[in-house]
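Below: the structure, in structure tokens.
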Amino acid sequence: MSEERNKELFRRVIEEGYNKGNLETLNELFSPSFIEHQNGIQPPNLVGLKDSVRSLRSGFPDLHLSIEDLRASGDYTVARITARGTHNGQFMIFPPTGTSITIDVIDICRFQNGIIAEHWGVADRFSLMQQLGVIPGR
């Protein structure tokens, strides 16, 4: 599998899964034995990832992820992403605030047999909580 193909599949995850909420598309992009390593996503598989996307899109119906930088090396892709949205729905235990948020996200995916086998992600949740007024800002 080429590095360019891996980058294209990653872009599809962001555009189709996160930005459009088309979670069925993810079935063809992820391995049946996919392992999610991002803290807080349970269960740590595709079911948990889809639940996480549903939760994000419920809390931030206009959620949009922009890929700022995307690199591939061998079986791995690494992306720097900016996530934007407006808190117009219930998110976790937090009722809607109408607050617009912008956070940074780093994603790493390992590909195997042309699909995503593993994912590690770090979203700036601290900044998110500050922007929602849950914890004090600077």
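Listing for the model above:
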| quantity | calculated |
| --- | --- |
| Among beta bridges that DSSP assigns inside the chain, antiparallel share in %, nearest 5 | 90 percent |
| Carbon + sulfur, % of accessible area of segment 28-138 - ligands and nucleic acids excluded, 1.4 Å | 54 percent |
| Size of electric dipole in segment 6-58: Cβ of Lys, Arg +1 and of Asp, Glu -1, about Cα centre, debye, nearest 20 | 140 debye |
| Global geometry of the chain, whether rounded, prolate or oblate, following the gyration tensor of its Cα atoms and the 1.5 cut on a/c | prolate |
| Residue-averaged [θ]222 nm for the chain, counting only DSSP H segments that reach four residues, each worth -39500 (n - 2.57) | -7000 deg cm²/dmol |
| Leading residue at positive end of dipole, the chain (Cβ point charges), from 74, 102, 27 | 102 |
| Degrees between helix 3-12 axis and first principal axis of the chain (Cα, 0 to 90, nearest 10) | 40 degrees |
| The chain: most fluctuating residue of 57, 110, 125 per GNM, C-alpha cutoff 10 Å | 125 |
| Principal-axis tilt of helix 46-59 within the chain, Cα atoms, nearest 10 degrees | 30 degrees |
| Dipole in debye (nearest 20) - segment 1-118, about Cα centre, beta carbon charges: Lys, Arg +1; Asp, Glu -1 | 200 debye |
| Among 19, 113, 27: highest mean-square fluctuation, GNM of the chain, C-alpha pairs under 10 Å | 113 |
| Model label zone, residue 125; criterion: amide N under 12 Å from point 7 Å along Cα-to-beta-carbon; scope segment 1-23 | none |
| The chain, accessible area per residue, ligands and nucleic acids excluded (1.4 Å, Å²) | 53 Å² |
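The values are calculated or read from the model by the stated rules, or taken from the named source; none is laboratory data. Just so you know, these numbers come straight off a predicted model, no measurement behind them. Backbone-built Cβ (ideal geometry, glycine too); neighbour counts: all protein chains shown. To get the accessible areas, we keep the full protein, side chains included, count just its heavy atoms, and leave off ligands, DNA and RNA. Shrake-Rupley method; radii C 1.70, N 1.55, O 1.52, S 1.80 Å.
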